[in-house]
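Here the structure comes first, spelled out in structure tokens, and everything after it is commentary.
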Amino acid sequence: MIDADLFPVSRMAGSLQGSEIIRLAGEINEKIRKGQRIYNFTIGDFDPALFPIPALLKAEIVKAYEKNHSNYPPANGMLELRNEVSRFIEEYQGLRYSPSEFLIAGGARPLIYAVFQTLVDPGDKVVFPVPSWNNNHYSHLSAAQAVMVETRPENNFMPTAEELRPHLEGATLLALCSPLNPTGTTFTKEGLREICSLVVEENKRRAPGQKPLYLMYDQIYWALTYGETQHVDPVSLFPELRPYTLFVDGLSKAFAATGVRVGWAFGPEHIIEPMKSILGHVGAWAPKAEQVATAAYLSNKGSVKAFIDELRERLSRRLSAFHEGFLQLKAEGFPVNSIAPQAALYLTVNIDLKGRRIAASGQVLETGADVTRFLLDSAGLAIVPFYAFGASADSAWYRLSVGTCRYEEIPEVFQALRASLNLLEKA
Ligand SMILES: Cc1ncc(COP(=O)(O)O)c(C=O)c1O
């Protein structure tokens, strides 16, 4: 074993924070290996056995390889795909962006990386709400000064204009996401409108030639909204934000296609262009065959709509069943709660067991980590604490992801959870 201290890496790499979810996954896998029954609702992904990609998309991918689409794609993505995505976004969102304002990459992640690398200089302020997904890591990669704004359960953990206002002066990037990972909640039109007007105001105050306040809008979960919830976006609400807004989106969540690796960003061409150059050096293109296949698939409007509708229905049934289960436990007097599901694969649940004692052993659950471990050990329930998404360490809120959940197993999960809550007493 080489002593890593004798071979230092860059300060950036050496100080990258490990992912809390990956650490938790290690513990879970160890338990599964030992044969324990674990309800693993930690990962923001789909079990392909339960949620396969669209059959037509799969057939098109195979066909594209049979036609030997195995060489480099163009750096900004296949024109046929940019045409289709441009049409698709206009059809669903009413936004008109030309194919040259799109950049295709190997999923949404490289595009987020490219947004940061293109806009943010070392030391620049990047403002984002917490809990949120991975903005801390992208800030670290670009040596940004991360300004984390903690959101509140009474606002469904979405940031408000009031909360963001004190932090926007001099900032380079405001990173927003709706529907939001980890909460499965969304901006209301009014809430987003107020934030947008702050961005407009801040940019009016800046001198010509000064770097503006840009807005990254990650809408990777936009297709997965439930009930009355409707996806809203900054440019539809405030067309004057168009020169400042970069959208990040892709196949991964709307088509249960996280491993297919096709994502797209769209925004002003003068920003898309350097993003393309950066990702060209990284080589983070989506494979050419997948691009050809995605273009062919998206042109089948009827089957695309049918797929999205069915996926929404299946996810929302699971989320509602969990939500009702938690409300039932709450009604029984247990210290749990949940926010009504609005979108994505996630349910926001509150399990407030800090200070409770395990009657049999006398151990008092003192920290969030103690509670997470207790749920895993006693109920086999694996969910991700919000502190893994940047919320404060004493947060009693969790993300429960249903992309790996069989609907039939939900009653069992609650039986296990009820039994373990009954093991506790007030300290
Ligand atoms: C909010 C958000 N954006 C982007 C991504 C990454 O998407 P992709 O798998 O397409 O890189 C995720 C993945 O979990 C996500 O939750």
Any of Lys253/Lys305; Lys276/Lys301; Lys253/Lys354; Lys34/Lys330; Lys63/Lys305 with alpha carbons more than 26 Å apart? Name them for me. Lys276/Lys301; Lys253/Lys354; Lys34/Lys330
Are there trypsin sites (Lys or Arg not before Pro) in segment 39-144 that DSSP puts in a loop and that have at most 13 other Cβ atoms within 10 Å, and which ones? Lys67, Arg96
Out of segment 333-426, which trypsin sites (Lys or Arg not before Pro) are coil in DSSP terms and have no more than 15 other C-beta atoms within 10 Å? Arg406
State to the nearest 20 debye the size of the charge dipole of the chain about its Cα centre, where the only charges are +1 on K and R beta carbons and -1 on D and E beta carbons. 460
So what does the Cα-only Debye profile of segment 217-268 read at q = 0.14, 0.30 Å⁻¹, as log10 I(q)/I(0), no solvent term? -0.42, -1.11
With x for Gly and Pro, the residue-by-residue ³J(HN,Hα) of segment 164-177, computed from phi through the Karplus equation 6.51 cos²θ - 1.76 cosθ + 1.60 at θ = phi - 60° and given in whole Hz, is 7, 2, x, 10, 8, 4, x, 6, 9, 9, 10, 9, 10, 8
Under a GNM of the chain (C-alpha, springs under 10 Å), which listed residue has the highest mean-square fluctuation: Tyr72, Tyr39, Tyr217? Tyr72
Dimensions of the chain along principal axes (Cα, Å, largest first)? 64, 56, 52
Provide Val9, Val199 in ascending order of the number of other Cβ atoms located within 10 Å of each residue's Cβ, fewest first. Val9, Val199
Taking the chain as a Gaussian network, where each spring joins two C-alpha atoms under 10 Å apart, which residue of Pro179, Pro110, Pro52 fluctuates the most? Pro52
In whole Hz and in residue order, list the ³J(HN,Hα) couplings for segment 46-59 that follow from phi through the Karplus curve 6.51 cos²θ - 1.76 cosθ + 1.60, θ = phi - 60°; x for Gly and Pro. 10, 7, x, 5, 9, 10, x, 5, x, 4, 5, 5, 4, 4
Could you point to the residue in Ile89, Ile61, Thr188 farthest towards the positive end of segment 55-305's charge dipole, with +1 and -1 charges on the Cβ of Lys/Arg and Asp/Glu respectively? Ile61
Within 10 Å of each candidate Cβ there may be at most 13 other Cβ atoms; applying that plus a DSSP loop requirement, which GluC sites (Glu not before Pro) in segment 243-336 survive? Glu332
In segment 55-305 the DSSP beta bridges are antiparallel at a rate, in percent to nearest 5, of 30
Enumerate the amide H contacts of Ser338 below 5 Å, restricted to partners 5 or more residues apart or on another chain; note that Pro and chain-start residues carry no placed amide H. Asn350
How compact is segment 20-114 by the rule of thumb for globular proteins, expressed as Cα Rg over 2.2 N^0.38 Å? 1.53
Expressed in angstrom and rounded, the centroid-to-centroid distance over alpha carbons for segment 276-349 and segment 187-235 is 21
Contact order normalised by length for the chain, with contacts defined as Cα pairs under 8 Å and 6 or more residues apart; what percent is it? 22
Choice from Thr229, Thr183, Thr245 with maximal GNM fluctuation in the chain (Cα, 10 Å cutoff): Thr229
Please report the antiparallel percentage of DSSP beta bridges with both residues in the chain, rounded to the nearest 5. 55
Here segment 57-165 gives, from Cα atoms, an Rg and Dmax in Å of 18.5, 55
Report relative contact order for segment 55-305 in percent, whole number only (criteria: Cα-Cα under 8 Å, sequence separation at least 6). 30
Need the C-alpha centroid separation for segment 357-427 versus segment 73-118, integer Å. 40
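Every number in this text was worked out from the coordinates using simple rules, so none of it is lab data. Predicted, not measured: the structure shown is a model, and the values here were computed from it. No Cβ is skipped: glycine too gets one built from the backbone with ideal geometry, and neighbour counts run over all protein chains shown.
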